[in-house]
Amino acid sequence: MARALEASGEYRLLRRVPPVERWPLTPARGEVRRAVFLDTETTGLQQESDEVIELALLPFDYERESGRIIKVDEARALSAFRQPSFPIPPDSTRIHGICDADVAGRSISAAEIAAVIDDAHLIIAHHAAFDRPMVEKHWPAFEAKHWACSLVDIDWKAEGLATTKLDYLLWRQGWFHDGHRALADALAGVFLLSLPLPVTQHAAMSALLACARRPLRAVRAEETAFEQRAALKQRGYRWDAGDADRRAKAWWILTDDPQTEIDWLTAEIYQSPRAIPVINVPATMRYSQRLWPE
């Protein structure tokens, strides 16, 4: 029935992300490394005030050169609740289904975290700019790890995918999953990385690794005019509210070509040459709120 519907050209079918034992994984032919896909559920979206209430850590092995995923270590996965310091807002519960009774008296220890991530070369999240600051304020063990982001470290737009939500990226490639719980989302994220990209047909994990291995710099645009915010956002700059004692407010962007950004800022934002701060960003600091030096 499915083949007949698809052959008609009038329908597109979605298939559920299969159990790991049905993934087309094959033995390694080269050097193997370990990564951990991380996902969280939280009390809300404010990084300063909201807290993690569910954490999933899913270890998997990949070939260093090809990026081919060869094993998903579900036996060592962590999926656990954490009771926050305040009640879970009803609006958040409506999204992920987690209520105060689910997390009452629950915690996640540093030892549980270490057991999963200590031997990992890389931590991956689908929105690392959100997830990394959220987990680091609860568990400092994440601070020393290299991080990558499956949302921005793959050029999804070049693959014909204009939206980068995990659900959408799977849908466009013919798959769906039961989302909005941390471990289910982590499994879906690793599955997405195991698929070939729609246009280039490169393994998604390979594309992510190529991007994550680039030396990156943060270019800061300070003292910009209010009316320039639209142009900065359109180019991909993000806002840093600064710190009155340590750094100015600024728009900023991560790039492997800081001179191009300096030239663009000089021509389009400032209209004259000026000193533009450029900061080295190692993989241990990417997507962290510890990005800026003291």
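Structural remarks
- Cα gyration tensor, the stretch 1-131 - rounded (a/c under 1.5), prolate or oblate: oblate
- With the highest mean first, a sort of the peptides 141-152, 233-244 on other beta-carbon atoms found within 10 angstrom per residue produces 141-152, 233-244.
- Prolate/oblate/rounded label for the stretch 216-281 (Cα gyration tensor, a/c 1.5): rounded
- Proxy reagent accessibility, fewest Cβ within 10 Å first, across F86, F130: F86, F130
- Cβ crowding within 10 Å ranks T266, T43 as T266, T43, fewest other Cβ atoms first.
- Length-normalised contact order of the chain in % [C-alpha pairs under 8 Å, at least 6 apart]: 17 percent
- The stretch 12-212 - share of DSSP beta bridges that are antiparallel (%, nearest 5): 70 percent
- Of the labelled figures (1) 21.7, 65; (2) 20.6, 66; (3) 17.6, 50, only one reflects Rg and Dmax of the Cα atoms in Å as derived from the coordinates, namely (2).
- Cα centroid separation, the stretch 49-65 to the stretch 24-44: 8 Å.
- In sequence order, the stretch 176-191 has phi-based couplings of 9, 8, 7, x, 6, 10, 4, 5, 4, 5, 5, 4, 5, x, 5, 4 Hz under the Karplus curve 6.51 cos²θ - 1.76 cosθ + 1.60, θ = phi - 60°, and Gly or Pro positions carry x.
- Its DSSP H runs of at least 4 residues, each contributing -39,500 (n - 2.57), put the calculated 222 nm mean residue ellipticity of the chain at -7000 deg cm²/dmol, to the nearest 500.
- Around the amide H of F176, modelled in the peptide plane, lie the amide H atoms of R15, R16, V17, all under 5 Å away and 5 or more residues distant in sequence or on another chain.
- Sorted fewest first by neighbouring Cβ atoms within 10 angstrom, F81, F60 come out as F81, F60.
- Residue-wise HN-Hα coupling along the stretch 218-223, computed from phi with Karplus coefficients 6.51, -1.76, 1.60 (Hz; x: Gly, Pro): 9, 9, 10, 9, 9, 6
- Under 5 Å, built H, 5+ apart or other chain: amide partners of K71: D61
- Here the 3J(HN,Hα) profile of the stretch 40-45, calculated from phi with Karplus coefficients 6.51, -1.76 and 1.60 at θ = phi - 60°, is 10, 10, 9, 6, x, 10 Hz, Gly and Pro shown as x.
- Reachable lysines, given that their alpha-carbon falls under 20 Å from the alpha-carbon of K157 and they are not under 8 places away in the same chain: K165, K233
- A Cβ-based charge dipole, computed about the Cα centre of the stretch 12-212 with Lys and Arg at +1 and Asp and Glu at -1, lands at about 700 debye.
- Here the relative contact order of the stretch 216-281, from alpha carbon pairs under 8 Å that lie six or more residues apart, stands at 49 percent.
Here, each number is a calculation from the coordinates, and none is a lab measurement. Computed from a predicted structure; not experimentally measured. Ideal geometry is used to build each Cβ from the backbone, glycine not excepted, and the neighbour counts take in all protein chains shown.
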